[in-house]
Amino acid sequence: MDPIPSNHLEKAYNYYRNGQLSRASQLLVELIKHDPGHEEAWYLLSYVLKDLDRQIYAVQRVLRINPLNQKASIRLRKLSVLREEEDAGETLSSETAEGSPPQVTRYTEWTRDQQITDHGFSHTQRLKFRAHNFWRRFKMNWNIFAQSRLAILGLILVFIFGLLTIAYPILRNTVWASSVYDPITGFDMKVFPHPVPPGSRHLLGTDTLGRDVLSRLLAATPHTFVIGLTAAVATAIVGTLLSMAAAYFQGNVDTAITNLADVFIMLPAPVMMVIIGTRFREISPFVLGLFYGVLTGAGGTTLVMRAQAIQIVSKPFMEAAQIAGGGGRHIIFKHLLPSLLPLAALQMMVAVTGAVVADGFISFFGITRTISNWGTIIYDAFIYAGISGTGVPWYSLVPAAMCFSLFALGFYLISRGLHRVASPELRRR
Amino acid sequence: MTRYLIRQFTISLIKLFVFLTFMFFFIQIVMPGDFVDQFAMGCDAACREEMRVQLGLDLPLWNRYFHWLGQVVRLDFGESMFGEPILDIFKRVIPPTLLVFVIGTVLAFMIGLWLGKVTSWRERGIGSRLITLGGLVLFTSFPPWLTYLVTYLVTKGGVFQVVGGRGGLRGPNFTGLDRLLWQKVELSPSEVIITMMICVVISALFLFLLKFIYERLTKSKVPTLMFVFLIGLWAVSGWQMWGIDDLAFDIMTIAYIPMVTYILLAFGEFMLIMQASMRDVKNSEYVQIARAKGLPESTVRDQHAARNALLPVLSRLVISLPYLITGVVIIESSVGWPGLGTNLWNALYWQNMPVVMNTLLIVGIISLGARLIIDVIAAYLDPRIRYQDFQTNHT
Amino acid sequence: MTVSENVLDVKNLVMHYRTRKGPVYAVDNVTFHVGKGEAIGLVGESGCGKTSIALSLLKLLPTNADILNGEIRIMGDDIVPLPEKKMNKRRWRDISMVFQSAMNSLNPVFTVEDQILEAMLEHVPHLSEEEMNEKIDSLFDLVGLDPSLKTQYPHQYSGGMRQRAVIAMALSCDPDLIIADEPTTALDVIVQDSILKQIRDIQKELNMAMIYISHDIAVIAEVSERVGVMYAGKLVEMSSTENIFHNPIHPYTMALMSCFPSIVGEKTELVTLPGEPPDLLAPPPGCRFHPRCPYVTEICKEQDPDYKEHTQGHYAACWHPGGEK
């Protein structure tokens, strides 16, 4: 509406970059007098002011004006951690730093997102402080996460599956004879006829071919983990890169990436994996996971994350940073990436569920026969039941199906917990 | 609005084109061998070569691609490798899929939204927690297993057969229909399904119009449950009028298995998204004000909270739509429902490329078409979109 | 003064939130009254229970909050034991409220007119359609909005216009008492001023009782005749605006008077209290203010001071009113 304010903001930012804080604050105060609802000015002011309390006040004003300002809420969180730390920080400084700058300056330096080099500190001191800060932030996020009991349940579930992954090789090398407990060729001669229901000899019984169900389940666990985690990492990397590119370059690049993601989203993942599976019969779980991850990463994940990235980039501070020529790398790595990480983690968890189910699905259809996984167990239960006419053995069917559900459920619940951490609006509660 | 729709339509066409081109080359390059290798296993090399020339498989990939593209542009689906016109195949397999997918999605969406709304409103109740957990378990369960469970529970064991797998494929037909009944008529199940669907759609549209007028005139709301029930009633009486009620009921006796499975799988996701969305809206100031106004609890929940919570759910639906279609494909092939999905698996197995590509074309059209419909609904529900400049890309 | 002369009488109100870490007493033993046509202000830091009081008055508490004790009498009737259905009849009719956030107070999917009409249909259904329309037009005029804007959607309004519309909505059923919870905080200064003036004028004109809640004591001074000061869930002092400004007797009020939040200028101007507001999960024993109080003595640490009248109409809860030893 008025040419002066926008110019002021730019100038103030330049002063701030040059370290002329008082001049910057003058300009900003003028701006705010002119327009008290100036979100950007308040936000920048929170960086320019020297006193922690006032910084907090300024950020609170930003949040009043726009409660959805994510940068501001992140900064408020950061500042309140610092506020809490003031006591802890005192002890820290008295321990390590003799003749370090006075405390107020020190926090101000720190809170500038480490843009202006934190001079005046030794390397170890800085590291220590950083580690301390990281630990604080982690604890805070953990508390939010732990508020949801379901999320903790998810963590426990995944942990149990982790234990099972280790259990199989240990048991094989100690008590389980390979002739009986091999997941593919094992056969228990002492029992007849197969399948047998659960008992003391075989905790979960045996399947129609005389293989111990429990050992098969355990042997399949690492495979599942590899698929799920590869897919998760791949989807996060692809999604983050694409969404960052879209948000940073905007314009045509953004349009291209969005439309490409729209195309990717149409590719039916199980169908694609079946095609891959028929070509590479002995495909490794790593490649399969990677494939699934890239597929969803470029599709749904990118769409979800791009929306968030665009929001962050359009936030006033980013604009100010761009006007002042803050440098692309700086903007992407110092501002955009950290804000996107929680969301990426969330998408990772969702991808795990999808990848594991899709993998199980193609082995259920008997396409990748050499891989022994939970889907294969279910497939075997059906197919051999049909052949031998003994009926579907529930004790090999149910545990495998439950493994799927619980594994997917575990990761899904974790993702719900992460969702709370990632979205500040939900955190109020 | 019209300009916006035209623009979206054009973009959709381009996306469809890119998608199909990608799939064409992906399948041909990645999958080993071709139709002849699969079909004519016993033939010697010369015989195979002859077949290839006949089917046009000896031509280079680019050539075949443009040939197919030309057919698509002329709206000619061509023939399957087995010689059956693809249009005939589609006439047979699309209606069963639409029956499951359209009715299933709409029901799953409504059930999911309703449960999400109710559970998030009374979040701390035991019932809400149980429903949430149940939805979570269903949503994360392994689809073929769920199919088995549903089949087992409703038929007390039996019926379920493994479809798929090399050599384990079943031909696409309706098992479980009453043969005597169908012998008497000349209609095929798919034709009956088309009539059934038309009845449902017409009665839904007509009743929607009635509801709209009624609500405008009396300024009151028609209960959703009653509305759905009325649509069902109208549709059934429509079947009666066409004289296909026996056949329709016969189809429903087997169609409900994939439908129930699909609803069980899909509603959880809608419910969970709705819950998250409601949680945001519930604490917003306008809901507080609505309560402060002394409006009845149900009005606050349904009109103020749920209506706003619905908007993010709709935009999420756009993203999960293709997954839903995939879900139908999986379920169909699990229960042997003779629809598009089962057909796609068969075609993939034989590398029957014309069928595969045209199936993907249909899947793409359904997915993009549904997306346009969602866009229109979102614009209807949200004045901010309605009044916005429609030229901007809002994704 | 008999009870029925007051629009609102709050007696010994105790409200807590159940949290996983234990109960949080957000409103602790609060007593005050609002007379007919009177405007009172409630001031305090954020998180001191101002908004909790407002929500208690309307019984709009979240599910994890309970009113444990006390009476809330509106025109003489205690509303605490009222069931939800009967309460709904009184909301907006007897007490209405203007919320803090101007941007989010209106439902984005309905027109402003529909949202006002909705409340009127619920509470004054005997009016005919024309009467309602006339009423809305006159309300729009009253708050300074063009009546032709009423068929628009909230997103077509600016922040100030939205808050005006919310005020019009709050007035739609002629309530006896209106609660304004920081209605101008989210707006810019110029708009703030004009809305503040409008609120004051309307309140005078309609002779309506009002509770104005804010953390900004300057704003409070402008609109209210009496001011209550809250600290950590308790009402620590209440008196006429005059008294609170020129003759505060609670040390917290004294500190508050000397620390207007000024962001301009040098740091020395900002006289802040040492320490933080207490954690309401584990409030300090005795007077809740004692860890930050300059006049603290032994008794402050052990016993909670009574909230009582010190001079005519000047209530405070302090062992050393005015800093006396």
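Some points to look at:
- List B:Trp62, B:Trp239, ordered by accessible area with a 1.4 Å probe, largest first: B:Trp62, B:Trp239
- Test item: B:272-285 mean partner chain Cβ contacts at 10 Å: 3
- Residues of the stretch C:82-116 that bury at least 40 Å² of accessible area when the other protein chains are present, relative to the chain alone (probe 1.4 Å, heavy atoms, ligands and nucleic acids excluded): C:Asn88, C:Trp92, C:Phe99, C:Asn104, C:Asn107, C:Pro108, C:Val109, C:Phe110.
- In the C-A interface, the accessible area buried, summed over both sides, Å² (probe 1.4 Å): 1400
- Efficiency of FRET between C:Arg20 and B:Asp44 - r from beta-carbon atoms, R0 56 angstrom, step 0.05: 0.15
- B:Cys47 accessible area, assembled protein chains, probe 1.4 Å, Å²: 40
- Summarising the amide proton neighbourhood of C:Asn69: residues at separation of 5 or more, or on other chains, whose placed amide H is nearer than 5 Å comprise C:Val14.
- Threshold 20 Å² - residues in the stretch C:58-77 whose accessible area is reduced by that much or more when the chain is no longer isolated, probe 1.4 Å: C:Leu60, C:Thr63
- For chain B, the spread of Cα coordinates along the three principal axes comes to 84, 53, 41 Å, biggest extent given first.
- Summarising the label geometry, the points placed 7 Å from Cα in the beta-carbon direction at C:Leu281 and C:Glu129 lie 5.6 nm from one another.
- Shape category assigned to the stretch C:1-69 from the gyration tensor of Cα positions, a/c cut at 1.5: prolate
- If you sort B:Ile366, C:Ile190 by accessible surface, 1.4 Å probe, largest first, the order is C:Ile190, B:Ile366.
- Between chain A and chain B, roughly 4800 Å² of accessible surface gets buried, counting both sides and using a 1.4 Å probe.
- Once the 1.4 Å probe is applied to the protein heavy atoms, chain C comes out at 42 Å² accessible per residue.
- Taken over the stretch B:1-119, the ratio of Cα radius of gyration to 2.2 N^0.38 Å equals 1.52.
- The stretch B:96-127 and the stretch C:133-185 have Cα centres separated by 37 Å.
- Per residue solvent-accessible surface (Å²) - chain B, probe of 1.4 Å: 47
- For chain C, with all protein chains in place and a probe radius of 1.4 Å, 51% of the accessible heavy-atom surface sits on carbon or sulfur.
- Occluded residues from the stretch A:46-63, i.e. those whose accessible area drops by 30 Å² or more once the chain is not alone (1.4 Å probe): A:Asp51, A:Arg54, A:Tyr57
- Rg to Rh quotient for the stretch A:224-317, alpha carbon positions, Kirkwood Rh: 1.07
- For the stretch B:18-32, backbone phi angles converted through the Karplus equation (6.51, -1.76, 1.60; θ = phi - 60°) give residue-by-residue couplings of 4, 4, 5, 4, 4, 5, 4, 6, 4, 5, 5, 7, 7, 6, x Hz, Gly and Pro being listed as x.
- Between chain B and chain C, the total buried accessible area stands at approximately 2500 Å², from heavy atoms with a 1.4 Å probe.
- Degrees, to the nearest 10: C:129-142 long Cα axis against longest axis of chain C: 50
- Helical runs assigned H by DSSP (4 residues or longer) give chain C a calculated mean residue ellipticity at 222 nm of -9000 deg cm²/dmol, each run adding -39500 (n - 2.57) before division by the residue total.
- Helix-derived mean residue ellipticity, 222 nm - over chain B, DSSP H n ≥ 4, -39500 (n - 2.57), to 500: -24500 deg cm²/dmol
- Highest-fluctuation residue, B:Thr218, B:Thr195, B:Thr140 considered, GNM on chain B with Cα pairs under 10 Å: B:Thr218
- Solvent-accessible area, 1.4 Å probe, carbon plus sulfur percent, for chain B: 68
- FRET efficiency, A:Trp142 to A:Asp53 (Cβ-Cβ, R0 35 Å, nearest 0.05): 0.85
- At 1.002 mPa s and 20 °C, Stokes D of the stretch B:288-390 from Kirkwood alpha-carbon radius, µm² per second: 129
- Pairwise FRET efficiency - C:Thr151 versus A:Gln26, Cβ, R0 = 45 Å, nearest 0.05: 0.50
- Computed over neighbours whose Cβ is under 14 Å from that of B:Ser12, the net charge equals +1, Lys and Arg +1, Asp and Glu -1.
- Modelled label positions at B:Ile373 and C:Ser194, each set 7 Å beyond Cα in the direction of Cβ, lie 4.8 nm from each other.
- GNM on chain B, alpha-carbon springs under 10 angstrom: the most fluctuating residue among B:Leu57, B:Leu180, B:Leu133 is B:Leu180.
- Taking every protein chain into account, the 1.4 Å probe leaves A:His132 with about 60 Å² of accessible area, to the nearest ten.
The values are calculated or read from the model by the stated rules, or taken from the named source; none is laboratory data. Predicted, not measured: the structure shown is a model, and the values here were computed from it. Every residue, glycine among them, receives a Cβ derived from its backbone with ideal geometry; neighbour counts consider all protein chains shown. These area figures cover heavy atoms from the full protein model, side chains too; ligands, DNA and RNA do not enter into them. Shrake-Rupley method; radii C 1.70, N 1.55, O 1.52, S 1.80 Å.
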